[in-house]
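S.K.: Following this message is one structure expressed as structure tokens.
The values are calculated or read from the model by the stated rules, or taken from the named source; none is laboratory data. The structure displayed is predicted, hence computed values, not measured ones. Neighbour counts run over all protein chains shown; Cβ positions are idealised from the backbone, glycine included. For accessibility, only protein heavy atoms count, side chains too; no ligands or nucleic acids. Shrake-Rupley method; radii C 1.70, N 1.55, O 1.52, S 1.80 Å.
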Amino acid sequence: GDDLVPRQQLERLADGWWRSVGTAPQMLMPRPLPAGWLRVRLRMSSRVRGHLELHADTGHGFRPADRLERAPVSDEADLDFYVRLPAPVRGLRLDPLDAAGDFRVDLLRVEPLSPARAMSRAVVAKFVLLWKHGLVTRCLGRALRLLARGEVGILAHKLFRGLSTPSIVGPDFANLNADYRVWRRRHRLTETDRRHMAETIRLMVDPPRFSVLMPVYNVAEKYLRRAIESVCRQTYSHWELCIADDASTRAETRRVLEEYAHNDVRIRVAYHKGNRGIAATSNTALSLATGEYVALLDHDDELAEHALYRNAQAIVAERGLDMLYSDEDKIDLSGQHVEPFFKPDWSPELFLSCMYTCHLGVYRTALVREIGGFRSAFDSAQDYDLVLRLSERTARIAHIPDVLYHWRKLPDSTASRVAAKPEAPAAGRRALQEHLQRIGRPGTVEAGALPGLHRVRYAIVGPPRVSIVVASACRPVNIAGTTSYHMVRCVESIRQQSTYKHFDISLVHRREDMNAELGAWLDARDVKCVPYDGPFNWSRTMNLGVAAAWGDVLLFLNDDMEVRTADWIEALLEFAQRPEIGAVGGKLFFPDGTLQHAGVVVADCTPRHAFYRFRGSFPGYFSGNLVHRNVSAVTGACLMTRANLFREVGGFREDLPLNYNDIDYCLKVITSGKRVVYTPYAELTHYESSTKSGTYESELIAFQNHWRERWPADPCYNPNLSSQFGDYRIDLR
């Protein structure tokens, strides 16, 4: 950090520390750099939380489009990334924080790479990534075919993406794990906690009994002992451990099981004479169960000490619960707890994307038996199949926002690599397809963006007519060096690129803003113009557009949008037509390729766009940006809803003229009993704020006054995550 020159909003402190006195501090590195690949190492410490950004000056000043990196900053940030400069740069600018506070830059090293060195590192990075996901063989074949066709440039592009996109599987685990160590220290059980739990259990009326089901096969003795001991040390004593051994060939496995069964009458063991698979073994364990609920434990994992207590507590509070699930983490080979997964409350559309509930899963025993237990046809995805069938029978599902399960990262476990069980994704898709057939919903199941992720595509029934409602100020703008209108580009994009054709477009505009030339252009393209008088009010404008629309489905769109995926309307409509879903939004990008919208977090009654301005390829929290999932709100810049529902809940609130009216609508939809969905398969570019002039605190206050009591927390956003930022970092306040 010695080469950095302070530019603004900075005060020098002692021992290399600086103080940011605003929200836009800047430091310059006046060092010319050649075009090509750079490796950037950045290490800094901070006493506050925020984001850092690194910008380049390519000869036009430090423009937003020339930002090289944006990353969260916690107590310590250690970044190592690669960027490609399309042109030589005059220097770099570090924006160390977007908040006031103290920080220290320990290292900023920028290393230009020759093409040969960049290529070699790209090959290594790509191989590691493909190996982790079990895709080496498949992609090697594709690479050889590209070489055979002489398409070296395409192959090089694919390889270099391994440098420019360092992670495709989840959050920044370096920062996440550091924060999680702090979180675990703060949530460690004390003797006072244990005494309180014991007293609470003593006062419980009819405390539930848990049967922990553990199928076993040839597990290492030390891990088997740790799994069993994690049950034995539970603070809640009303349990039994039902173990089924699937004809293990390791002598120590049977010896350990007999030892524990002899020492504790609550531990019961059954043995198979021949190997029958995970589902059959789980069913054998289920046959031993006498408890009201069963809890699933893998033979090399561990339960948190208070796991059964927290489940009993939830069941006593709500006796009708049929299923409970908790948050989870992983234990690496060094014994460290890493990669915590803080989950949302029950989210049906997310569950169709992946088996996110997973561990710890607790289910009413009678219901598990009623639906037929585990099915061997779905071995490796047997738990997913079980919960799909269970969710068809009940909606009494609860989420416990606490880490109650520790999943061991062994080389042959999916906790380490999805490719450890290559048959699991296909089994999961088969289970999903059967689920659709059982509930009578025509549709298909496709592989998702990564192994273990799925895409459900409901068949579009009708097809329904979609009325696209657009508000525009009709102002001329400079687009690619030519004077035109955002609305022109928007309409051309929809007309030329959309594969769904059963739609109409209505443009709502102030009467005085429309000129004859633009009006004639719109009329020639069957765009219905809806004029109004008076000042701009987005909510009133959209409500006017709906009054003039005749479609079964409404699609609200900003005029500064451009289609990226041809089947974007179908991707939205697949969900919007479902009676249980009230609003759907897509994945929006800024012109520079960064994220503008991937769902809205409404925690502490303050709406925030998740991962706003992160690079467009960022996968989100546990791949959340890559899958269809439930959210509390989506942006009105691209929002699809059914016309009858829109009128039923009262449309957009006109006392919120510019902002939060879309969030308000989504919350009204949810409180009416419907769900809101984000889908990554409808992609558009958003040239934001061409219509609206900004955000206003008065509207936020009005929104919060209306919703604060009715919306105390975001059910799609875990309470252990920061509501201050909304970007899924752990809350350490």
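S.K.: With charges set only on the Cβ (+1 for Lys and Arg, -1 for Asp and Glu), what does the dipole of the chain come to about its Cα centre, in debye to the nearest 20? Spell out each step's value before the answer.
M.R.: Working: 95 positive and 89 negative charges, 290 e Å.
Taking the Cα centre of the chain as origin, the dipole is about 1400 debye.
S.K.: From largest to smallest, what semi-axes in whole angstrom does region 230-365 give when each is the square root of 5 times an eigenvalue of its alpha carbon gyration tensor?
M.R.: On the way: eigenvalues 134, 68, 56 Å².
The equivalent ellipsoid of region 230-365 has semi-axes of 26, 18, 17 Å.
S.K.: Same structure again: What does the charge dipole of region 247-355 about its Cα centre add up to, to the nearest 20 debye, if the Cβ of each Lys and Arg holds +1 and the Cβ of each Asp and Glu holds -1? Mind showing how you got there, number by number?
M.R.: On the way: 11 positive and 19 negative charges, 137 e Å.
For this selection, approximately 660 debye.
S.K.: Continuing with this model, one more query. Sorting Met514, Met44 by accessible area (1.4 Å probe), largest first, what list results?
M.R.: Working: Met514 45, Met44 0 Å².
Descending accessible area places them as Met514, Met44.
S.K.: What is the angle, in °, between the Cα long axis of helix 538-548 and the longest principal axis of the Cα atoms in the chain? Nearest 10 is fine, range 0 to 90.
M.R.: Orientation of helix 538-548: about 90 degrees from the principal axis.
S.K.: Shifting gears a bit: How high is the relative contact order of the chain, in percent, counting Cα pairs under 8 Å that sit 6 or more residues apart? Show your work: numbers first, answer last.
M.R.: Values: 1540 pairs, mean separation 73.1, N = 733.
Relative contact order here is 10 percent.
S.K.: Starting from the Cα of Met514, step 7 Å toward the Cβ, then list every residue of region 456-481 with an amide N under 17 Å from that point.
M.R.: 468-476, by backbone N distance to the label point.
S.K.: Among Glu229, Glu699, Glu517, what's the order by accessible area (1.4 angstrom probe), most exposed first? Don't skip to the end; give the middle numbers.
M.R.: On the way: Glu229 75, Glu699 10, Glu517 145 Å².
So the residues, ranked largest to smallest area, are Glu517, Glu229, Glu699.
S.K.: Can you give the relative contact order of region 639-733 as a percent, counting alpha carbon pairs under 8 Å and 6+ residues apart?
M.R.: Working: 45 pairs, mean separation 20.1, N = 95.
Answer for region 639-733 is 21 percent.
S.K.: Hey, what D do you get for region 1-112 in µm²/s if you plug the Kirkwood alpha-carbon radius into Stokes-Einstein at 4 °C and 1.567 mPa s?
M.R.: On the way: Rh = 14.0 Å.
The estimated diffusion coefficient comes to 93 µm²/s.
S.K.: Show me the GluC sites (Glu not before Pro) within region 550-655 that DSSP assigns to loop and that have at most 12 other Cβ atoms within 10 Å of their Cβ. Display every interim value, and only then the final one.
M.R.: Details: sites: Glu562, Glu570, Glu574, Glu580, Glu648, Glu654; in loops: Glu580, Glu654.
Within region 550-655, the qualifying GluC sites (Glu not before Pro) (loop, at most 12 other Cβ atoms within 10 Å) are Glu580.
S.K.: Let me ask something else. I'd like the FRET efficiency for Arg31 and Glu654, computed as 1/(1 + (r/R0)^6) with the beta carbon distance as r and R0 of 56 Å, rounded to 0.05. Intermediate results must be reported in sequence, preceding the final value.
M.R.: Values: r = 53 Å, r/R0 = 0.95.
It comes to 0.55.
S.K.: Sort largest first and round to whole Å: the equivalent ellipsoid semi-axes of region 516-653, each the square root of five times a Cα gyration tensor eigenvalue.
M.R.: On the way: eigenvalues 146, 72, 50 Å².
In descending order, the three semi-axes are 27, 19, 16 Å.
S.K.: OK, next. Mean projection of the alpha-carbon convex hull of region 464-564 over all orientations, in nm²?
M.R.: 6.4 nm²
S.K.: What residue among Tyr363, His399, Leu555 has its Cα farthest toward the positive end of the dipole of the chain, where the charges are +1 on Lys, Arg and -1 on Asp, Glu, each on the Cβ?
M.R.: Tyr363
S.K.: Can you pull the three principal axis extents for the Cα set of the chain, in Å, largest first?
M.R.: Largest first, the chain extends 89, 62, 61 Å along its Cα principal axes.
S.K.: While we're looking at this one, here's another question. Report the net charge of residues surrounding Asp246, where surrounding means a beta-carbon distance below 15 angstrom and charges are Lys +1, Arg +1, Asp -1, Glu -1.
M.R.: Numbers: positive: Arg250, Arg254, Lys273, Arg276; negative: Asp245, Asp298, Asp300, Asp379.
Its environment carries a net charge of 0.
S.K.: Ok, one more. Label-point separation (nm) for Ser120 and Asn644, each offset 7 Å from Cα along Cα-to-Cβ?
M.R.: My value for the distance between the label points is 6.7 nm.
S.K.: Please report the antiparallel percentage of the DSSP beta bridges confined to the chain, to the nearest 5. Walk me through the intermediate numbers first.
M.R.: Working: 85 of 135 bridges.
If I count the DSSP bridges inside the chain, around 65 percent turn out antiparallel.
S.K.: Given Ser347, His51, Gly373, which one lies farthest toward the positive end of the charge dipole of the chain, if we put +1 on the Cβ of every Lys and Arg and -1 on the Cβ of every Asp and Glu?
M.R.: Gly373
S.K.: Can I ask one more? For region 301-378, which trypsin sites (Lys or Arg not before Pro) pass both filters: DSSP loop (anything but H, G, I, E, B) and at most 13 other C-beta atoms within 10 Å? Before the final figure, lay out each step's value.
M.R.: Numbers: sites: Arg310, Arg319, Lys330, Arg364, Arg369, Arg375; in loops: Arg319, Arg375.
In loop regions of region 301-378 (DSSP not H, G, I, E or B), the sparsely surrounded trypsin sites (Lys or Arg not before Pro) are Arg319.
S.K.: In the full protein assembly as shown, how much of Met204 is accessible to a 1.4 Å probe, in Å² to the nearest 10?
M.R.: Counting only protein heavy atoms, Met204 exposes about 30 Å² to solvent.
S.K.: Shifting gears a bit: Sort region 220-304 into rounded, prolate or oblate with this rule: let a ≥ b ≥ c be the square roots of the eigenvalues of the Cα gyration tensor; rounded if a/c is under 1.5, and if a/c is not under 1.5, prolate when a/b is larger than b/c, oblate otherwise.
M.R.: Oblate, since a/c reaches 1.5 and b/c is not below a/b.
S.K.: Can you give the local net charge around Ala118? Use residues other than it whose beta-carbon is closer than 9 angstrom to its beta-carbon, Lys and Arg +1, Asp and Glu -1.
M.R.: Numbers: positive: Arg39, Arg84, Arg117, Arg121; negative: none.
Around Ala118, the charge tally is +4.
S.K.: Which shape class, rounded, prolate or oblate, goes with region 517-563 when its Cα gyration tensor gives a ≥ b ≥ c as root eigenvalues, a/c under 1.5 marks rounded, and past that a/b bigger than b/c marks prolate?
M.R.: rounded
S.K.: Accessible area, 1.4 Å probe, largest first: how do Val461, Val40 sort? Let's see the in-between values first.
M.R.: Working: Val461 100, Val40 0 Å².
Listed by decreasing accessible area, they come as Val461, Val40.
S.K.: Once region 315-370 is represented by equal point scatterers at the alpha-carbon sites, with solvent omitted, what log10 I(q)/I(0) does the Debye formula produce at q = 0.16, 0.29 Å⁻¹?
M.R.: -0.65, -1.19
S.K.: Moving on. Starting from 0.36 nm per residue, how many nanometres of slack lie between Trp17 and Glu292 once their C-alpha separation is accounted for? All intermediate terms of the calculation are to be shown ahead of the outcome.
M.R.: On the way: separation 275, 0.36 × 275 = 99.00 nm, distance 5.81 nm.
Result: 93.2 nm gained on full extension.
S.K.: May I pose another question? How big is the charge dipole of region 600-733 about its Cα centre, in debye rounded to the nearest 20, if each Lys and Arg gets +1 on its Cβ and each Asp and Glu gets -1 on its Cβ?
M.R.: On the way: 15 positive and 14 negative charges, 73 e Å.
The dipole of region 600-733 has a size of about 360 debye.
S.K.: If you don't mind, there's one more thing I want to ask. Normalising by the residue count of region 299-352, find the relative contact order in percent from Cα pairs under 8 Å and 6+ residues apart. Don't skip to the answer; put the middle values down first.
M.R.: Numbers: 22 pairs, mean separation 10.7, N = 54.
Rounded, it is 20 percent for region 299-352.
S.K.: Separate question: So what's the net charge close to Arg109: Lys and Arg +1, Asp and Glu -1, counting the other residues with Cβ under 10 Å from its Cβ?
M.R.: Values: positive: Arg39, Arg41, Arg43; negative: Asp3, Asp80, Glu111.
Around Arg109, the surrounding residues sum to 0.
S.K.: Looking at region 369-473, which GluC sites (Glu not before Pro) are in a loop (DSSP not H, G, I, E or B) and have at most 15 other Cβ atoms within 10 Å? Each step should come with its number before you reach the end.
M.R.: Details: sites: Glu370, Glu392, Glu423, Glu434, Glu446; in loops: Glu392, Glu423.
Sparse-neighbourhood loop GluC sites (Glu not before Pro): Glu392, Glu423.
S.K.: Same structure again: How tilted is helix 697-707 with respect to the longest principal axis of the chain? Cα atoms for both, answer in degrees (0 to 90, nearest 10).
M.R.: So the inclination is approximately 40 degrees.
S.K.: Could I ask something else about it? So how far apart, in nm, are the two label points at Arg202 and Thr483 if each is 7 Å from Cα heading toward Cβ?
M.R.: 8.4 nm
S.K.: While we're on this one: Calculate for the chain the 222 nm mean residue ellipticity that helices alone would give, adding -39,500 (n - 2.57) per DSSP H run of length 4 or more and normalising by residue count, nearest 500 deg cm²/dmol.
M.R.: Details: 20 runs with 224 residues, N = 733.
That comes out to -9500 deg cm²/dmol.
S.K.: Sticking with this structure for a sec: Run the numbers for Arg393 and His262: contour at 0.36 nm per residue of separation, minus the present Cα-Cα distance, in nm.
M.R.: Taking 0.36 nm per residue and subtracting the Cα distance, the gain is 43.3 nm.
S.K.: Mind checking the angle between helix 136-148 and the chain's longest principal axis? C-alpha axes, 0 to 90 degrees, to the nearest 10.
M.R.: Helix 136-148 sits at roughly 40 degrees to that axis.
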